[in-house]
């Protein structure tokens with residue numbers, strides 16, 4: 001048995017969060033999620049948290065473990081021989097206990113048009129496009145995002161400005177912009193060029209460090225800055241060429 | 001209670017639900033409600049690894065995919081449905097490609113296909129070893145293009161609104177607030193996934209609790225073929241986490257504790273040379289046979305140990321690190337994280353784990369149930385594709401083919417004249433009935449009332465002991481009796497959490513209620529099917545062989561409220577392929593489903609896409 005502390009928040013009882021300590025059984029393979037489930041089923045039925053796949057692919061169980069964003073199912077008690085404090089993901093409003101409100105996160109994801117936008121010259125739709133492994137490799141890592149939100153909890157800019165598009169959404173926009181089958185980049189650049197787009201990032205890089213799937217959103221943001229600069233320059237020259245006659 | 005109105009309501013935001021919602025939106029109308037107890041990308045489709053089957057290569061044929069599926073299902077599949085499926089499979093995978101799904105490619109840029117168990121030819125499309133993940137995210141992201149799809153994320157559907165045998169909507173609990181909502185619709189599609197969490201040792205996410213099955217069943221729709229529960233031969237010990245069949249498709253081999261490739265002793269041989277996997281031989285036999293072979297090795301004391309678990313070993317070392325990272329990167333990640341094994345250096349300890357529910361909500365070939373306007377698709381449904389055993393990589397394609405069909409049919413129905421009345425009285429009644437039910441569960445402080453965790457622990461134990469890979473009369477009788485006892489105790493269940501906001505105690509309790517009803521149907525059908533077929537294997541005398549004379553039938557279980565459920569038998573559609581012997585390895589070579597009668601799937605070279 002060992003002790004684990006959890007930051008509780010029960011809005012129907014009190015407006016104040018509080019730390020609560022639990023004793024949980026532990027083996028070499030006990031995950032943070034296993035410990036939470038043990039508490040829920042055996043000690044305190046009121047503890048609330050999200051989870052499902054318990055294999056680091058559904059993205060439900062993000063929490064702060066000793067202040068670092070982690071997936072509860074892929075982080076193990078053995079990694080924390082001393083103190084262990086579980087808190088809800090940072091920078092997102094807490095609904096209850098470890099459950100955060102994901103609305104703003106989803107709004108950012110959904111705003112970047114994260115779907116394939118085919119051009120006018122797309123081939124016959126009854127056949128697949130061709131895409132070589134090299135073309136695929138350009139975007140593949142950015143397609144591995146599981147939408148867990150850990151990178152938002154790691155991002156100091158998102159903490160200061162919840163309107164910042166944020167790492168996962170920028171990575172997702174970048175995933176489609178880099179896809180050889182896509183022609184929608186121009187439509188996606190507007191939100192990325194805005195004050196809440198790529199330029200909000202101060203390149204701390206913590207987002208990429210905490211990503212449980214090895215996606216590198218910081219790279220997406222930085223490559224996005226290059227794209228954004230290019231697209232703004234193009235806009236500028238276009239504006240001059242047509243004599244400021246408008247878009 | 002808030003009331004919302006739609007043309008079609010889809011329950012479930014996984015692969016089948018999203019595909020159905022998109023198809024409904026594309027068919028017409030202007031309002032599709034998509035209700036899910038989790039955000040769509042959390043749905044369990046996300047965990048599917050290996051791939052999606054469709055006839056693709058020039059040397060393959062629709063007939064062959066049909067034969068593999070029907071024989072794989074031990075002749076209990078609805079053959080007209082299988083025929084429809086194999087014909088529409090390829091177009092659906094192409095549609096996914098056009099929506100951006102990152103299918104793995106050949107050097108030429110064409111889509112790559114891999115080997116899969118029980119499939120005669122390479123026909124499984126894949127996106128590395130995260131095929132379900134990429135399909136689910138592609139579908140979720142594509143669904144954002146359709147403003148007529150309105151999502152209700154984290155709403156738990158409690159029940160159907162049914163008027164004169166017509167589905168007219170659903171009642172749902174908003175998990176974030178505890179409030180009830182009524183979503184009216186002219187048709188409803190259930191796409192809620194399977195029931196693998198009835199069993200302790202499974203590959204499924206915690207959400208896979210059979211909710212949609214129970215909801216339709218309680219309203220009178222039959223649960224069909226529920227005795228057929230698929231054990232995946234390769235789950236990680238302890239957790240049950242899935243290690244994809246594609247590991248074997250790519251050349252991985254299974255050995256017992258002595259390093260011996262034991263599958264050759266179970267009608268799957270002769271042993272294929274390392275690095276030369278052969279379709280339908282050895283490790284590429286079907287899942288039911290492989291899981292059964294494990295059981296025999298375990299009985300013979302030839303399994304190894306990992307922690308408390310008896311295990312055999314999946315050896316991938318000969319594939320080399322670079323190839324493993326290209327084809328099976330997620331497997332490498334999972335093995336490292338959860339059993340601390342690097343597959344390039346050591347064999348992975350594995351054992352069978354419950355994986356898939358072949359049975360489900362009975363539908364006709366148009367995905368419609370016995371309630372007018374109620375449709376079902378995906379794992380929760382029994383459209384009749386899988387028979388007694390599903391072939392790996394048929395279910396991801398099933399989500400698309402039948403999700404599409406259900407969405408289209410449901411919207412076509414909704415666009416016609418609906419018999420649903422204004423329904424104010426029935427809505428009020430349904431609302432107050434559920435309000436009362438929830439309040440009674442909430443009422444605390446009464447001694448002797450059980451809580452859900454203790455009932456769940458017993459359910460898992462009962463199912464594991466009585467309804468496992470091998471079954472018998474005594475074990476099943478005991479299991480059924482225990483489940484009935486648990487259902488009775490559940491009537492008095494009490495929550496430990498009385499709050500409204502994100503009350504997950506309530507949520508899990510409601511899920512358990514669903515699981516218990518589904519478990520009764522599963523045990524009853526398993527008890528009454530006194531033969532061995534596909535994933536349903538009996539050890540008792542007279543039940544060890546397939547018995548077509550008596551049991552070439554679907555089981556249908558009907559809900560009877562608090563009384564014991566009732567079972568009926570239903571004829572199987574075998575009009576294209578007469579039942580033959582299922583054979584793999586040498587015995588299976590050259591033997592197709594014997595007695596193919598030559599219509600339907602045959603003469604179907606339109607499905608060849610080089």
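Since every read-out is calculated from the coordinates, none of them should be taken as a lab result. These figures come from a predicted structure and were not determined experimentally. Don't worry about glycine lacking a Cβ; one is built from the backbone with ideal geometry, like all the others, and counts go over all protein chains shown.
Summary of values
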{"read-out": "The range A:2-100 - Rg (one decimal) and Dmax (whole number), Cα, Å", "value": "12.5, 37"}
{"read-out": "Förster-model FRET efficiency, 35 Å R0, residue B:271 and residue A:28, C-beta, rounded to 0.05", "value": "0.50"}
{"read-out": "Inverse of mean 1/r across different Cα pairs in chain B, Kirkwood, Å", "value": "24.2 Å"}
{"read-out": "Inter-probe distance in nm under a simple model that places probes 7 Å from Cα toward Cβ, at residue A:238 and residue B:548", "value": "6.8 nm"}
{"read-out": "Rounded tilt (10° steps) of B:394-415 against the dominant C-alpha axis of chain B", "value": "30 degrees"}
{"read-out": "Cα gyration tensor, the protein assembly as shown - rounded (a/c under 1.5), prolate or oblate", "value": "rounded"}
{"read-out": "Per-peptide average of other Cβ atoms within 10 Å, ordering B:301-312, B:432-443 highest first", "value": "B:301-312, B:432-443"}
{"read-out": "Rounded tilt (10° steps) of B:15-27 against the dominant C-alpha axis of chain B", "value": "60 degrees"}
{"read-out": "Cα-based shape type of the range B:331-448, given that a ≥ b ≥ c are square roots of the gyration tensor eigenvalues and the cut on a/c is 1.5", "value": "oblate"}
{"read-out": "Order by protection proxy (mean Cβ within 10 Å, highest first), peptides B:199-208, B:52-61", "value": "B:199-208, B:52-61"}
{"read-out": "Mean-position separation - Cα centroids, the range B:282-302 and the range B:510-554, in angstrom", "value": "20 Å"}
{"read-out": "Relative contact order for the range A:2-100, counting Cα pairs under 8 Å that sit 6 or more residues apart, in percent", "value": "33 percent"}
{"read-out": "Mean ellipticity per residue at 222 nm, deg cm²/dmol - from DSSP H runs of n ≥ 4 across chain B, formula -39500 (n - 2.57)", "value": "-10500 deg cm²/dmol"}
{"read-out": "Residue mean of other protein chain beta carbons inside 10 Å, B:490-496", "value": "1"}
{"read-out": "C-alpha center-to-center spacing [the range B:209-275, the range B:1-55] in angstrom", "value": "26 Å"}
{"read-out": "Global form of the range B:235-345, assessed from the alpha-carbon gyration tensor, a/c cut-off 1.5", "value": "oblate"}
{"read-out": "Protection proxy ranking, peptides B:448-461, B:500-513, average beta carbon neighbours within 10 Å, highest first", "value": "B:500-513, B:448-461"}
{"read-out": "Pair residue B:57, residue A:163: separation of 7 Å Cα→Cβ label points (nm)", "value": "5.6 nm"}
{"read-out": "Shielding by partners - mean other protein chain Cβ count within 10 Å, residues of A:30-38", "value": "1"}
{"read-out": "Virtual spin-label span in nm between residue A:66 and residue B:541, 7 Å along Cα→Cβ", "value": "6.3 nm"}
{"read-out": "Using alpha-carbon coordinates, inclination of helix B:329-339 to the longest axis of chain B, degrees", "value": "80 degrees"}
{"read-out": "Likely footprinting exposure, A:46, B:369, fewest C-beta neighbours within 10 Å first", "value": "A:46, B:369"}
{"read-out": "Shielding by other protein chains, B:326-337, mean Cβ within 10 Å", "value": "2"}
{"read-out": "Taking B:114, B:261 and counting other C-beta atoms within 10 Å, the order from fewest to most", "value": "B:261, B:114"}
{"read-out": "Calculated FRET efficiency for the pair residue B:412/residue A:194, C-beta based, R₀ 45 Å, to 0.05", "value": "0.60"}
{"read-out": "CD proxy at 222 nm, helix term only [per DSSP H run n ≥ 4: -39500 (n - 2.57); per residue of chain A; nearest 500]", "value": "-9500 deg cm²/dmol"}
{"read-out": "Highest-fluctuation residue, A:166, A:62, A:224 considered, GNM on chain A with Cα pairs under 10 Å", "value": "A:224"}
{"read-out": "Cα coordinate range in the range B:266-318, projected on the principal axes (Å, largest first)", "value": "33, 25, 16"}
{"read-out": "Centroid-to-centroid separation of the range B:386-413 and the range B:83-104 [C-alpha atoms, Å]", "value": "12 Å"}
{"read-out": "Exposure proxy ranking, count of Cβ atoms within 10 Å, fewest first, for B:104, B:177", "value": "B:177, B:104"}
